[in-house]
1. Please note which helices (runs of 4 or more DSSP H) are completely contained in the range 194-290 and include at least 1 residues that are acidic (Asp, Glu) and farther than 24 Å from Trp156 by Cα.
2. So, in the range 240-257, exactly how many residues are within 19 Å of Gly303 (Cβ to Cβ) and either modelled with pLDDT under 95 or touching a Lys or Arg at 6+ places or on another chain (Cβ under 6 Å) (or both)?
3. In the range 111-137, which residues are among the aliphatic types (A, V, I, L, M), part of a loop (DSSP other than H, G, I, E, B) and farther than 15 Å from Lys86 by Cα?
4. Given the options Phe104, Phe115, Phe192, name the one that is open to solvent by less than 10 Å² (accessible area, probe 1.4 Å) and among the aromatic types (Phe, Trp, Tyr).
5. Please go through the range 170-189 and give me each residue that is crowded, with 21+ Cβ neighbours inside 10 Å and outside any loop (DSSP other than H, G, I, E, B), ordered by number.
6. Counting only residues that are surrounded by 20 or more Cβ atoms within 10 Å (Cβ to Cβ) and in a helix (DSSP H, G or I), how many does the range 91-101 have?
7. Are there any pairs with C-beta distances below 6 angstrom linking a residue in the range 183-200 that is on the phi > 0 side of the Ramachandran plot to a residue that is open to solvent by less than 20 Å² (accessible area, probe 1.4 Å), with the two at least 6 apart or on different chains, and if so which?
Amino acid sequence: MAHARISTYLPPDIDPTQAAIAYGCRALPKLNEELQSEDLLTRQKALMALCDLMHDPEHVYVAINIGCLESLKALLKDTNSMVRIKTTEVLHIMATHNVGREGFLEHDIIFSLSFLLDDPEKACRKNLHVVFKHLAQVPSGAQGIVNNGLIPLLVWKLQREEEEIQELLLDTLAACLMEDATEALSSRVVPFLKEKLLSANDNIRSKAACTLIAVSIPLEGKKQVWQYDVIPILVHLLKDQVEEVQANAAGALMYATVTTAGKYAALDAEAIHPLLNLLSSPLRKARLNAIKALTMLAEAPEGRKFLQVHVPDFRVLEMDSSEAVRRAAQIAINVIEWKP
C-alpha cells in the first residue's frame, strides 16, 4: 500500500540563500522592502537575489526608479561584512549598464562608496574599484570621481593595495587623469607610476605606462616625467617582451618628448633604435605611437639628422592598412626632410 511522505529536502530549483522573488512588477519593490529589513538574513537573501536580477538593464532602470539605490547606500554602512560585500557586488553589476552609471551619478553613489576604500574586506574593496573603473569609462563618471576629490586618495592607495586591485586603480586613474591630472600631479603620481613601471607584473607595467600617457598630456606632467627621470625607463620598456607594454611606453614618450628637455632626455637614452623597431610591430597602436614619438625627436637637429637615412622605413608605412598610421608617416617624413 502506498504511503504519503513529505521529503525533508528542498525542491531542486530553489536556492535557499536567495529571497523568494515576487511575481512580475512586484518583484523589485518587495526586494527593496527586504533590503531595509532589520533581520540580517532577510537583507542578505535580498542582496543575493538582486545580484541575479541586476544583469538585466530593464531591472536596473526599475530598481533605480523605486529607490533601491538609497537602500543600497544605507547598506554600505552595514556592520555585517557579507552585507557590504554583496551590496558592492550589486553596485558593480549595475555599473556595467549605462543606465546604472547615470543613476550612480544622480544619487551620489561615488561619495558613499569612498568610505569603503579602507574596508578590511578585500572583496568589498575590489568590488568598489570595479565600480569606479566602469564609471571612469564615461567622461561624466571620470569627472564625478575627480569632483569628489578622490584622486589623491586613489594615488595613495596605489602604493598599498594588492596587485589585483592596483590594476583596477590604474585603469581608473588613466581615465580620470584624461579629464584632469592636476590633483594627481600634486600627489606625487609620477614617482609612484615610475615604481610601477618596474613591476614584474606585465599588466601593471602596461597600465602604469598607459596612465603616464594621461599624466603627460598637460605641460606640468611632461615636466615631471623629465624631472623624475622616467624617460630612460620608458625607453627600456620599448624593448619589453609584452607588446602592449611597448605600445603604451611609446605613447608616453610621444607626449613626454614634446618639450625640448624631454626630446634630449630621450635622445640621450638612445630611444630612436627601439622606436624604429616598433615601426614593424603587429600592433597598430604601437606603430602609430612610435611614428609620433619619432616625429617629436625629429624636431631636434640631432634626431632629424639620424632619422634621414631611415626615411624609406616611413615610406613603407605610407601604405599601411590604417589611415591614422599612413597620415602619421607622411607627417614624420615632412618633419625629417624639412630644411631651414
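The values are calculated or read from the model by the stated rules, or taken from the named source; none is laboratory data. Please read all numbers here as calculations on a predicted model, not as lab measurements. Please note: Cβ atoms are built from the backbone with ideal geometry, for glycine as well, and neighbour counts cover all protein chains shown. For the accessible areas, the whole protein counts, side chains as well, though only heavy atoms, and no ligand, DNA or RNA atoms are used. Shrake-Rupley method; radii C 1.70, N 1.55, O 1.52, S 1.80 Å.
1. Output list reads 243-256, 260-268.
2. Start the filter on the range 240-257 by keeping residues that are within 19 Å of Gly303 (Cβ to Cβ), which leaves 249-257.
Pick out the ones that are also either modelled with pLDDT under 95 or touching a Lys or Arg at 6+ places or on another chain (Cβ under 6 Å) (or both) and you get 254, 256-257.
Total satisfying the criteria: 3.
3. Scanning the range 111-137 gives a single hit, Leu117.
4. Working: Phe115 fails: open to solvent by less than 10 Å² (accessible area, probe 1.4 Å); Phe192 fails: open to solvent by less than 10 Å² (accessible area, probe 1.4 Å).
The unique qualifying residue is Phe104.
5. Passing the criteria: Leu170, Asp171, Thr172, Leu173, Ala174, Ala175, Cys176, Leu177, Ala184, Val189.
6. Final tally of qualifying residues: 6.
7. Close Cβ pairs (under 6 Å, with a partner that is open to solvent by less than 20 Å² (accessible area, probe 1.4 Å)) do not exist here.
Per-residue answers, yes or no, for (1) touching a Leu at 6+ places or on another chain (Cβ under 8 Å); (2) acidic (Asp, Glu); (3) touching a residue at least 60 places away in the same chain (Cβ under 8 Å); (4) open to solvent by less than 40 Å² (accessible area, probe 1.4 Å):
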position: Arg43; (1), (2), (3), (4): yes, no, no, yes
position: Met48; (1), (2), (3), (4): no, no, no, no
position: Leu53; (1), (2), (3), (4): yes, no, no, yes
position: His59; (1), (2), (3), (4): yes, no, no, no
position: Asn65; (1), (2), (3), (4): no, no, no, no
position: Leu69; (1), (2), (3), (4): no, no, no, yes
position: Leu72; (1), (2), (3), (4): yes, no, no, yes
position: Thr88; (1), (2), (3), (4): yes, no, no, yes
